[in-house]
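Report on the structure given below.
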Amino acid sequence: MAERRELALVVAGTFAAIGTRTEATEFIERARLKLAVRVKVLRKLLAGELHGEVFDFDDIICPLPMLERARGVLSHEAVLHGKAGRVVCLYAHVHPGFQDMPEWQGCLDDHLFATECADGALCHLRLAMSHSEATLDAVRVAGASFLPQSAGWTAWMTEAVELARAATFHAGMARQETRHMRRAVLSEVFTTWRMVMLGLGG
């Protein structure tokens, strides 16, 4: 019983810590808002409603630091989640009856879904960062190679707007996947605790 209690406390505690943290979601949302502002600035520059260089504004609206911090937090949480899941699987291997419980399949499903969501969130974060950097590359080409409002400048600035929109989209998807991951992990908390503490594994 002491072994079960210790396992339940450690694993469920790890899942609970991951499931209740909001740090990554907050970083992503702050980056997404900065990206949305960047889109507006680029559109105004493209329309001739705003004068200057996008770099005059980008120190304020640069999303990369927030995206990088979110990726760091999520990567760390994904590692912890995987380790906690392996502990549960090892326990189930030692206690064969554990895998015969109806709760076991639900636990596996929650763990798999949470893992897939974490992977999806990290993928979208990478895409948001890539598109964000490509946005500034397009702006640099426009500014260095063409006169403002010329055909070439307009083409590159239009591409910059589309890249910024794509970065905003992927940041929003990363936020959504992160929220799905946390809900699945919280479900793992209760399922794992029930299986271990109620002695259903024998």
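Treating r as the C-beta distance of LEU90 and LEU64 and R0 as 45 Å, the FRET efficiency rounds to 0.70. Only helices enter this figure: runs of n ≥ 4 DSSP H residues, each worth -39500 (n - 2.57), summed and divided by the residues of the chain, yield -31000 deg cm²/dmol at 222 nm to the nearest 500.
Ligands, DNA and RNA left out, the accessible area of the chain computed with a 1.4 Å probe is 60% carbon and sulfur. Heavy atoms of the protein chains alone define the surface here; on that basis the chain has 51 Å² accessible area per residue at 1.4 Å probe size. Can you tell me which of MET157, MET129, MET101 moves the most in a GNM of the chain? Springs connect C-alpha atoms under 10 Å apart. Looking only at MET157, MET129, MET101, the biggest GNM fluctuation is shown by MET101.
The simple Förster model, with R0 at 30 Å and r as the Cβ-Cβ distance, assigns GLN176 and LEU80 a FRET efficiency of 0.90. Taking 0.36 nm per residue of separation and subtracting the Cα-Cα distance, full extension of the segment from GLU116 to SER150 would add 7.7 nm. Loop-resident GluC sites (Glu not before Pro) (DSSP state other than H, G, I, E or B) in region 10-52 with no more than 14 further Cβ atoms inside 10 Å of their Cβ: GLU49.
The values are calculated or read from the model by the stated rules, or taken from the named source; none is laboratory data. Predicted, not measured: the structure shown is a model, and the values here were computed from it. All Cβ positions, even for glycine, are placed from backbone atoms using ideal geometry, and neighbour counts span all protein chains on display. Heads up: the accessible areas ignore ligands, DNA and RNA and are worked out on the full protein's heavy atoms, side chains in. Shrake-Rupley method; radii C 1.70, N 1.55, O 1.52, S 1.80 Å.
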